[in-house]
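Structure, as structure tokens:
Computed from the coordinates by the stated procedures, all read-outs in this text should not be read as laboratory data. All of these numbers come straight from a predicted model, not from anything done at the bench. Using ideal geometry, Cβ is built from the backbone for each residue, glycine included, and neighbour counts are taken over all protein chains shown.
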Amino acid sequence: MIRFFRLLAQVLVLTIVALASTLISMRFAVHGREIAVPDLRGMTPAEAEHVAFERGLAVDHRDHFYSTAVPAGRILSQQPEPGTRVRRGWRVQAAESLGAQLVEIPSVLGMTSRAAEIEIRRRGLEVGMSAELPTSDAAPNGIIAQTPAPGAQGVASPRISLLSAASQPGPAYAMPDLTGMTLTDATALVTAAGLKTVSVTTTDSPDSGSFHSLIPTVVGQTPSPGARVNPGTSVSLQVVRS
């Protein structure tokens with residue numbers, strides 16, 4: 001019995017040693033595939049790509065910024081930071097310097113969105129974010145604000161973000177129930193509400209026999225009763241001759 005327990009203890013010790021060796025080997029293997037990110041700042045894009053490639057990394061050139069400290073065409077900043085340990089194949093995000101700001105920020109206020117974009121690109125700049133603001137103080141689609149402001153100096157990015165005017169929606173209200181009304185009365189109500197009747201579909205009542213009334217009655221409508229509509233909404237009516 002004692003011999004059996006000694007043998008069992010030896011097996012357990014060997015198993016623990018084997019597991020520990022495996023874990024240590026895996027740790028060395030993982031860390032062996034990790035490398036420190038090189039410092040690419042100040043290099044040209046071609047130089048940065050060459051240095052990164054030699055270390056099993058890649059470079060993505062994503063952004064461009066003005067800088068008085070870094071000459072144009074050189075790497076201005078990077079992510080991850082130099083010295084960060086990453087796996088092989090990691091893609092380093094690099095921003096390139098445009099040098100000092102030489103292009104004046106133009107004023108595109110009052111232009112249409114399309115005209116503003118054309119003017120910005122003509123100046124060698126880029127269109128940044130675009131947004132709309134409902135307002136009655138400016139013509140629809142006209143530029144009412146921009147960032148950076150016209151003539152701004154010392155800006156970081158060559159992008160100009162635009163805010164344009166959007167038409168304010170008219171008042172919304174519930175679609176009236178037109179079923180059971182004569183076509184004449186329903187059309188008059190639609191017109192009075194500022195809506196538009198775009199189509200009228202007429203069907204015969206299955207109970208009318210050979211006699212047809214000259215007064216069609218509304219039996220269906222689109223939009224449905226209670227739906228929210230605005231002035232100018234198109235309305236379709238289905239009528240039947242009773």
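Structural remarks
- Shown here are the Rg and Dmax of the Cα trace of the stretch 113-166, at 11.4, 34 Å.
- Leading residue at positive end of dipole, the stretch 86-242 (Cβ point charges), from Gln93, Ser136, Met175: Gln93
- Computing FRET efficiency as 1/(1 + (r/R0)^6) for Ala145 and Asp60, where r is the C-beta to C-beta distance and R0 is 41 Å, gives about 0.80.
- Spin-label model distance (nm) - Thr197 vs Ala174, 7 Å beyond Cα toward Cβ: 2.3
- Between Glu34 and Ser130, full extension at 0.36 nm per residue minus the direct alpha carbon distance yields a gain of 30.5 nm.
- Ordering of 82-90, 63-71 by burial proxy (mean other Cβ atoms within 10 Å per residue, highest first): 63-71, 82-90
- Residue-count net charge about Met111 - beta-carbon cut-off 15 Å; Lys, Arg +1, Asp, Glu -1: +1
- Between the stretch 47-72 and the stretch 103-156, the Cα center-to-center distance that results, in Å: 30
- Inter-label distance, nm, simple model (7 Å from Cα along the C-beta direction), Arg241/Asp137: 5.9
- Beta bridges from DSSP with both residues in the stretch 113-166: antiparallel share about 35 percent, rounded to the nearest 5.
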